[in-house]
Amino acid sequence: MALKIIKMNPILQPFAADLKMRMDNYKAAKSALLADGQTLSDFANGHRYFGLHPAEDGWYYREWAPGADAMYLTGDFCGWDRHAHPMTNLGDGVYELFLPGADALQEGQLVMTIVVHDGQELERIPLYATRVVQDHQTYAWNAAVHKMADFSWTDADFKPEKKPLIYECHIGMAQEEGKVGTYTQFRENVLPRIKDLGYNTIQIMAVMEHPYYASFGYQVTNFFAASSRFGMPEELKALVNAAHEMGIAVLLDVVHSHASKNTREGINEFDGTVYQFFHDGPRGDHSAWGTKCFNYGKHEVLHFLLSNLKFWMEEYHFDGFRFDGVTSMLYHDHGLGTAFTGPELYFSMNTDTEAVTYLQLASDLVKQINPNAILIAEDMSAMPGMCLPIKDGGIGFDYRLAMGEPDMWIRLLKERKDEDWDFNQIYYELANRWPGEKVIGYCESHDQALVGDKTLMFRLCDQEMYWCMDTWNNSAIIDRGMAIHKMLRLLTMTLGGEGYLTFMGNEFGHPEWIDFPREGNGWSYHYCRRQWSLADNPNLKYQYLSAFDKDMIAAAKKHRVIAAQDKQLLVHNGDNVLVYQKGGASFAFNFDPCRSYEGYFIPMAEEGEYQVVLSTDDYCYGGHGRIAHQSYTATTHPDGRVGFQIYLPSRTAVMLRKIQKRRKGE
């Protein structure tokens, strides 16, 4: 029997054997990993056994280190005597130490593992450490003893909304002062903003501990530790709980695609061997990122990574994950320089089938733990089946980031005049998906805001933003930038995905770029913060973009636009006009920089009364108020077209809803 993925997408029929192998590999991996009657959730409990754990009469410490000849635990508790507490080899690479007495280890004490390998004593941080801190005098990192206390969760009935509207955020730079922000500051100051804007999901970056702040959290060293630079684990839990109380789901930006090559504070060469977690030789090194690549074919590595997912869901109540670097995982060349122009490129010797199997196991596990969890893949290659159920031949994720969309907008803004855009191509890029697969649409994420690149608003307006964003200033450059900024967001949110994402601050056109403190900028935090005061200042135009974003989100929810079926009604490249229907609303865009059309015929899907419910040109959004919020009657014209005439100004988009006539007696 053919897999459903092939029935849904017959173009994949020539690769039926590859898709069958995908399923066979997945079943074989589960069979090899699980005992009779065991589930993946039963298997993924490494965090409950390994690491430091308090008991009634003492503390247990366990590690898996097959390359070690001997192991010791040292730290504050023993005056840093390196050999006072040898660990016992239990076999199969597992070492154990029991420290008698409930107070043998105390809160906040620093500890370090000593691994003996080939006659060398290696300093290592415990693999399952839940808190890792940096000494600001020596800059060295160590594990800190932390007993996870019972937390008073109040989110037992919380479920994520089905259509994610995602606010991507970074805790450290989510404040305006020139310093690292905290979990508590984010909970108190930023969560209410997100709630007010109408987003129902946050995606938090850089939570898994990473010593290099400027890595944006993408060079992880300690997979079970919430970054201590932002505060205590309980403060992160309070943040998640508060978000749930506001109806906001919380996703963790999880990095299982690679790991930091650091040894003392990372997992690289923990037991003295390169191949404990990673591939040996060149395959274990990511040539572009300078990081280490996991060996997904190794059962112990699967145990570590799957346990890591379960830990974050159980301990911190995360509602799912955005998997970073999935393209890098899927292909032996990490997708570098490959243009995925045909399906044959997804099923070749370049495909890392072990990574595909791991992603299937990960999605299976996450859905076992929480059937309502959300899984998003950062995959630029658009691997077929990434967002289809495993039983149908898929990999089991819910969404893929539509990474081609921001690339398209930047390319158009850089390479073409406004009047030369091809709206047939734009419509295709935004609406095209593999059958049955869902994507998260977005104009820009943190990637487009990094130093060396530009956000859309800064690309549109550049230096004019420094002195022409006052409400009284009539800069033509700012006027164009704001108009296009609003139109691109409305178009992308409504047409570009079954969910939507923005990076914090971009909704109000945050100026400049993101640059973390480093030697090259004098360790400055000037570009590593969010200037919320810009959006709050009644004398600046940022308020208009923020207001539009809020009303756009509200209108999309009210009229059930997200994830609805689209219907193209008009694409006219000569006029730079685009019209389509989505859910309970219709949309008309005039991207022309100069021409405003009097009496322009707008086709509708059916006859009836249509009411303007949103216009990018309203005064309250920094526009010129050229669209009247009135109703229009769509009728059938002599030529068979259904629609009405409307004044459609230049660089303006309008959203309309059909007015439902009340039946007699209602």
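The values are calculated or read from the model by the stated rules, or taken from the named source; none is laboratory data. Note that the structure is a prediction, hence the values are computed from the model and not measured. Glycine also receives a Cβ, built like all others from the backbone with ideal geometry; neighbour counts cover every protein chain displayed. Note: areas computed on protein heavy atoms with side chains; ligands, DNA, RNA excluded. Shrake-Rupley method; radii C 1.70, N 1.55, O 1.52, S 1.80 Å.
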Output the residues belonging to region 170-224 that are among the hydroxyl-bearing types (Ser, Thr, Tyr), open to solvent by 10 Å² or more (accessible area, probe 1.4 Å) and closer than 29 Å to TYR544 by Cα. THR182, THR184
Among (1) under 17 Å from the mean Cα position of the chain (by Cα); (2) modelled with pLDDT of 95 or more, where does PRO192 come up short? (1)
Residues in region 548-564 that are open to solvent by 30 Å² or more (accessible area, probe 1.4 Å) and more than 24 Å from the chain's Cα centre (by Cα) total 1
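State which residue is farthest from LEU12 (Cα to Cα) when the search covers only region 334-355 and only residues that are open to solvent by 20 Å² or more (accessible area, probe 1.4 Å) and among the acidic types (Asp, Glu). Steps first, answer last, please.
Start the filter on region 334-355 by keeping residues that are open to solvent by 20 Å² or more (accessible area, probe 1.4 Å), which leaves 334, 336-341, 343-345, 347-350, 353-354.
This time we only want the ones that are among the acidic types (Asp, Glu), so: 344, 354.
Values: GLU344: 9, GLU354: 21 Å.
Checked region 334-355; the qualifying residue farthest from LEU12 (Cα to Cα) is GLU354.
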Unmet requirement for ALA564, which otherwise passes all of (1) outside any strand (DSSP E or B); (2) closer than 28 Å to GLY499 by Cβ; (3) touching a residue at least 24 places away in the same chain (Cβ under 8 Å): (3)
Taking region 22-41 only, how many residues are part of a helix (DSSP H, G or I) and under 16 Å from LEU305 (Cβ atoms)? 7
All but one of (1) open to solvent by 10 Å² or more (accessible area, probe 1.4 Å); (2) touching a strand residue (DSSP E or B) at 6+ places or on another chain (Cβ under 7 Å) hold for GLN368, so report the exception by its number. (2)
Kindly indicate whether any position in region 607-621 is assigned to a loop (DSSP other than H, G, I, E, B), of a type outside the set (Ser, Thr, Tyr), surrounded by fewer than 16 Cβ atoms within 10 Å (Cβ to Cβ) and under 40 Å from the mean Cα position of the chain (by Cα). no
Only one of THR88, THR138 is under 26 Å from ARG229 (Cβ atoms), of a type in the set (Val, Ile, Thr) and open to solvent by 40 Å² or more (accessible area, probe 1.4 Å), namely THR138
Somewhere in region 247-265, is a residue in contact with a Pro (Cβ under 8 Å, 6 or more places away or on another chain), at pLDDT 95 or above and in a loop (DSSP other than H, G, I, E, B)? yes
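Could you identify the single residue in ASP271, ASP285 that is charged (D, E, K, R), more than 30 Å from GLU188 (Cβ to Cβ), open to solvent by less than 30 Å² (accessible area, probe 1.4 Å) and over 22 Å from the mean Cα position of the chain (by Cα)? Working first, answer last.
On the way: ASP285 fails: open to solvent by less than 30 Å² (accessible area, probe 1.4 Å).
So the residue among ASP271, ASP285 that is charged (D, E, K, R), more than 30 Å from GLU188 (Cβ to Cβ), open to solvent by less than 30 Å² (accessible area, probe 1.4 Å) and over 22 Å from the mean Cα position of the chain (by Cα) is ASP271.
Could you tell me whether ARG480 is surrounded by 23 or more Cβ atoms within 10 Å (Cβ to Cβ) and among the basic types (Lys, Arg)?
Working: surrounded by 23 or more Cβ atoms within 10 Å (Cβ to Cβ): no; among the basic types (Lys, Arg): yes.
It is false that ARG480 is surrounded by 23 or more Cβ atoms within 10 Å (Cβ to Cβ) and among the basic types (Lys, Arg).
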Pick from GLY108, GLY119: which is closer than 18 Å to ASN222 by Cβ, in contact with an Asp or Glu (Cβ under 9 Å, 6 or more places away or on another chain), of a type outside the set (S, T, N, Q) and open to solvent by 30 Å² or more (accessible area, probe 1.4 Å)? GLY108
